[in-house]
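Data first, discussion second: the structure below is written as structure tokens.
The values are calculated or read from the model by the stated rules, or taken from the named source; none is laboratory data. Quick caveat, the model's predicted, so the values are computed rather than measured. Neighbour counts run over all protein chains shown; Cβ positions are idealised from the backbone, glycine included.
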């Protein structure tokens, strides 16, 4: 029976552990301390687990990394993006040739502006690089834990590696598609969190569905422009890791990024909001990284710019939206240093 190790006691890490254990896999969930591992064993008292969900017998927790990674087929890193590097450094000592390395994080590293697969590659031996996969899609953990149907995408440079991960991760209620555009799948999962912050702001300001639809649609185009500039296939952003994840995150009250956007409209400070949360709203740090990347390559990203100014420069929400709506409109597939018009023009 295949064994899986999950690094990260986030809600998404716990969700994947429960789902894969129900499938029949032996899953070890690694906690940093024995106290945390003990608390996790009491699923009914854990806020990340709905009251009607219990840990399957095949899911166990441990604070021993060597125990968690012993004889596993795959290790899933479901950790906040800013802690990915320190976690993969620990895992690297235990890797073997046959172990799949799956990133389930949706963010970009602040210091380096790198995607998670790049961070992982820098901390492991080169002969393990072909085993790196990334997992992304419209995957709200509460819905998946409640046994509602969902789909996701696993991407690897080698299609055979992606299919190997697909077979391991797919369940009757979780459909797993494959892709070889690692850049696009990762950037889709990370950049949509920026737009979700904006969608939360629009909802908090009661701007209506027309404005929200405009924000989401223009946001998707902006995501695609940056992704294309960084080497992604633009079509990936019309798939589950792009449009699919964007729709779910912008529409659902279960989204942490949407929540932050709404709370900002109530006059709360960003620090107050994030300090009160049990999980990480990845869009906050991703906005900073995406804005820096856009500045570096001279790419126009008006929505990202406005959200950056709200988060990091204290610009008034209503002022930022007014400036955005007052911007001169051109062909919707053109922008400063965008390649989209030439790609999609007929």
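Descriptive notes on the structure:
- Odd one out for residue 299 among (1) modelled with pLDDT of 95 or more; (2) part of a helix (DSSP H, G or I): (2)
- The one condition in (1) under 26 Å from residue 303 (Cα atoms); (2) surrounded by 23 or more Cβ atoms within 10 Å (Cβ to Cβ) that residue 183 fails to fulfil: (2)
- Close pairs (6 angstrom Cβ cut-off, 6 or more residues apart or separate chains): in the same structural domain as residue 99 (by TED's automatic domain parsing) in the range 121-132, not in a helix (DSSP H, G or I) anywhere: 128/95; 130/158; 131/100; 131/101; 132/101
- Among the residues of the range 99-146, those identified as in a loop (DSSP other than H, G, I, E, B), surrounded by fewer than 18 Cβ atoms within 10 Å (Cβ to Cβ) and at pLDDT 95 or above are 110, 111, 112, 113, 125.
- Where residue 96 falls short, out of the listed (1) touching a strand residue (DSSP E or B) at 6+ places or on another chain (Cβ under 8 Å); (2) at pLDDT below 95: (1)
- Among (1) modelled with pLDDT under 95; (2) outside any loop (DSSP other than H, G, I, E, B); (3) touching a strand residue (DSSP E or B) at 6+ places or on another chain (Cβ under 6 Å); (4) surrounded by fewer than 22 Cβ atoms within 10 Å (Cβ to Cβ) - the single one residue 38 does not satisfy: (3)
- Output for the range 14-29, where each listed residue is surrounded by fewer than 22 Cβ atoms within 10 Å (Cβ to Cβ) and closer than 18 Å to residue 137 by Cβ: 23
- Selection from the range 336-346 of residues that are under 18 Å from residue 235 (Cα atoms), part of a loop (DSSP other than H, G, I, E, B) and modelled with pLDDT of 80 or more: 338, 339
- Unmet requirement for residue 86, which otherwise passes all of (1) without any contact (Cβ under 8 Å) to a residue 12 or more places away in the chain; (2) closer than 20 Å to residue 173 by Cα; (3) assigned to a helix (DSSP H, G or I): (2)
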